[in-house]
Amino acid sequence: MITIKAQAKGTGRVVNWARFKKGELVDQSRLGLSLTVVIPDVITDVISRCQELTDRIKIEPLFPNGFTKTSFDITIDGGSFHVNCGRRLVRGLFPLNPIAAEFGSNYDVLLNISAEKREIEEDIASAIRGKYMCQEKSNSEHRHSR
């Protein structure tokens, strides 16, 4: 398993919140009457990379965000690999700045990448390492922290 914390650079997508809670990423205008969820670019890049590896990914919200919580956790299941993504609001002076949650660049994304083959883990991790500022936990740290 590879664990990475990546700093988002921007918003990847804005999706409908009700559909997001069902595991569906349906783009939604911020100008509409429906509630929306900001998906940081790190997560959209992970999803794109996973879709390149297999056309059968399933996205499932583990802990969706809500009216009082900006964080969410999702899992991306590709059959032989899984990526857990956690969105955390760490910049933007929230709650002093209530619109901070509307900007993808204010988030860090926690990634746990596990696969049957180490090469797949490295493939997904490399796509993120090459594009974002990342911190990584080594495998030996994982073994000692359990």
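Run the numbers on segment 2-137 and let me know its relative contact order in percent, using alpha-carbon pairs under 8 Å that are six or more apart. Contact order relative to length: 33 percent.
Would you compute, from DSSP H runs of 4+ residues alone, the mean residue ellipticity of the chain at 222 nm, taking -39500 (n - 2.57) per run and dividing by the full residue count, rounded to the nearest 500?
Taking each H run of at least 4 residues, the total per residue is -7000 deg cm²/dmol.
Magnitude of the charge dipole for the chain, about its Cα centre and with charges confined to Cβ atoms of Lys, Arg (+1) and Asp, Glu (-1), is about 420 debye. Excluding residue 63 itself, what net charge comes from residues whose Cβ is under 13 Å from its Cβ, given Lys and Arg +1 and Asp and Glu -1? Around residue 63, the surrounding residues sum to +2.
For the residues 30, 87, 49, 129, what sequence is obtained by ranking on other C-beta atoms within 10 Å, fewest first?
Fewest to most other Cβ atoms nearby, the residues stand as 30, 129, 49, 87.
If you stretched the chain out fully between residue 51 and residue 90, how much longer would it get, using 0.36 nm times the residue separation minus the C-alpha to C-alpha distance?
Separation in residues times 0.36 nm, less the Cα-Cα distance, equals 11.2 nm.
Neighbours of residue 105 by Cβ distance under 9 Å: Lys/Arg scored +1, Asp/Glu scored -1, total +1.
Label zone of residue 9 (point 7 Å out along Cα→Cβ, amide N under 15 Å): in segment 21-49 this covers 40-46.
Sorting 11, 75 by the number of Cβ atoms found within 10 Å of their own Cβ, with the fewest placed first, yields 75, 11. For residue 129 and residue 31, a Förster radius of 35 Å and the Cβ-Cβ distance give a FRET efficiency of 0.50, rounded to the nearest 0.05.
Between 76, 39, 57, where does the largest GNM mean-square fluctuation fall for the chain, given springs only between Cα atoms within less than 10 Å? Highest fluctuation of the listed residues: 57. Neighbour counts of other Cβ atoms within 10 Å put 67, 103 in the fewest-to-most order 67, 103. In summary, the chain shows an alpha-carbon radius of gyration equal to 1.03 times the 2.2 N^0.38 Å reference for compact globular proteins.
None of the figures in this text is laboratory data; all of them are computed from the coordinates on show. Quantities reported herein were computed from a predicted structural model and do not represent experimental measurements. Using ideal geometry, Cβ is built from the backbone for each residue, glycine included, and neighbour counts are taken over all protein chains shown.
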